[in-house]
Amino acid sequence: MRKHTRILAAAMTIVEAIVIISLTGCSGKKVDYNMETENINTKAGSDISAFDDSTKWNDSFAVETSDKSVDVDISADITLPDCKSMSVVEVKNIKVGADFKKSVIEAYFGDSTVYYHDIPHYTKEEIYHSMEIVKNEIAGYQQEIDAGLITEEGVSRVMKSENDLLEQYEKAESSALDTREIATDYTDCNEYLGYIGNVFCELRLGIAEDGSLEYISAQPLKAGSEGTLYDDSEYGYYGPPSFAEEKGVEGFNGGSTGGDTTSSYDNECALSKDEAIKKAEEFQNKLGRASQVYIGTSDYEWSAGVIEDGDDTVKTDDKESVIKDTAWGYIIDYGEGVDGIAFCKSLDFTRNMDIWDTLDNYDDFMPYGSSSFIVTDQGVTEFTVSYPVDIVNESKNVELLSMDTIKEIIKDDMTKNSDQYDFTQNHTYNNLKLGYIRLKDASDKDKCTYVPAWCLSKQDKGYDRYPVYVNAIDGTIIRSDDLI
């Protein structure tokens, strides 16, 4: 298990907290408390119960923009985190070396023989098979361009990606072997194959150019995709016991559940939900990710049926569809977090729809860390760990500003810095939420800090619109440039 170093004392003063936050290089506006808040109690302490979420923040005020006056209305519910106090957490990216890869491989495959499976180690058949898939993809895009269905500019990124992939296949073709090569060194390869029981599975590590870990993904192989040309006898059946004789068996393991959910089907898994969660936690211990915050568990739903070639309609007889559904196994979700709060379920700025309009380079974007584990009768057979980090410093029980002070700070900034906000239409803000926000480090791109912050926003179909972020410790207004 990875050891986290706790440098600061558990009971930290607000001055010490501000010192930590200054390490992030936050460039937001500092508030002059002597102006509009001199008669307000600026501190609320460290206990979340000091805040009242039983009433709304109701207010209205005029904002002068460059060409007009805008009325801002606030009718906001107060949302508080489900914890007693909050922390400041400094984290850093995980750098990947051969030893780290080996530990992940052993955790997943156990004593199974492991094979390389990056492009330079594809077999000849896999190279030819993969080249055909990519060529067909490129030809398909070109047909749509020629037919005027899409523009060349609109698919330029994906076309470049496909052509780069084809170039890699062509380069590897001359040295490709007839059989797979057993993995003995983990320095350069990031993709591997091995068995879990009689199930043939693949493991991939996504590593950035600077060596930082972006993701780990593992699942049973599915025939027909790039680099996976084989017959069914090579990997064995993977699916619900009741579907062993069915065709078109597929599991649906979409994104995070957001909480505990149960399907309408009886779960065929021999394990109970609690037993499955225990197996996921044991597996996380092997990965060194034991500090993750539990989000929820859902049933792993499966479907079986026959799909006609070239047509997405389902074959049916005169009486009923051949599609069948069941549940087998569990999807167990976690997130990077602290104080029992997963950051991705707190003030995750990726739910701010407006941020995507101003993001120039998607390659600079880094989502909040999360992980998902699928547990069946065979144990953990599928999992994804996305953007994991290591905790560097953690300071608990930080003192927060009072809610009245936060309100005055928000009004003050919206009034005096209207150019920072989208006032093309009048707005009614309906949610004021306290949670964790991530601030980047201006001097070290491998580090960032999660701090308590308030977000005033217009909630719209699960998204935050026109958010105002305020550091809950020192009152700093947090701009989008501080978050990416």
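Remarks
- Glu281, Glu162, ranked by accessible area, largest first (probe 1.4 Å): Glu281, Glu162
- Taken one residue at a time, the phi angles of segment 120-137 give Karplus couplings (6.51, -1.76, 1.60, θ = phi - 60°) of x, 10, 4, 6, 4, 4, 5, 4, 4, 4, 5, 4, 5, 4, 5, 4, 5, 5 Hz. Gly and Pro are set to x.
- For Thr187 and Glu132, a Förster radius of 22 Å and the Cβ-Cβ distance give a FRET efficiency of 0.10, rounded to the nearest 0.05.
- Potential extension, Ser49-Asp325 segment - 0.36 nm per residue separation minus Cα distance: 94.8 nm
- Carbon + sulfur, % of accessible area of segment 74-199 - ligands and nucleic acids excluded, 1.4 Å: 46 percent
- For segment 265-308, alpha-carbon Rg over 2.2 N^0.38 Å: 1.57
- Average accessible surface for segment 42-117: 49 Å² per residue, computed with a 1.4 Å probe over protein heavy atoms with every protein chain in place.
- For Ile437, distant residues with modelled amide H under 5 Å away: Val451, Ala453
- Sites matching trypsin sites (Lys or Arg not before Pro) across segment 78-107 that sit in DSSP coil, with at most 16 neighbouring C-beta atoms within 10 Å: Lys84
- Under Karplus coefficients 6.51, -1.76 and 1.60, residue-wise ³J(HN,Hα) of segment 297-302 in Hz, glycine/proline x: 10, 10, 5, 8, 8, 10
- Amide H within-cut-off set for Ile94, under 5 Å, with H built and near neighbours excluded: Leu213, Asp390
- Largest to smallest accessible area among Asp47, Asp118 [probe 1.4 Å]: Asp47, Asp118
- Taking amide H as placed 1.01 Å from N in the peptide plane, the amide H of Val199 sits under 5 Å from none that are at least 5 places away or on another chain.
- Segment 93-225: proportion of alpha-carbon pairs further apart than 20 angstrom, %: 55 percent
- Segment 416-474: Cα Rg divided by the 2.2 N^0.38 Å rule of thumb: 1.31
- To put it simply, the accessible area of segment 360-484 at a 1.4 Å probe is 41 percent carbon and sulfur.
- Value of Rg to Rh for segment 38-166 (Rh from inverse mean 1/r over Cα pairs, i.e. Kirkwood): 1.25
- Stretchable slack from Thr113 to Thr424, in nm (0.36 nm times residue separation minus alpha-carbon distance): 105.9 nm
- Per residue, in Å², the accessible surface of segment 380-430 once ligands and nucleic acids are set aside, probe 1.4 Å: 35 Å²
The values are calculated or read from the model by the stated rules, or taken from the named source; none is laboratory data. The structure presented is a predicted model; accordingly, all values stated were derived computationally and were not measured. Here Cβ is always computed from backbone atoms with ideal geometry, including for glycine, and neighbour counts include all displayed protein chains. What goes into the accessible areas is simple: the full protein's heavy atoms, side chains included, and nothing from ligands, DNA or RNA. Shrake-Rupley method; radii C 1.70, N 1.55, O 1.52, S 1.80 Å.
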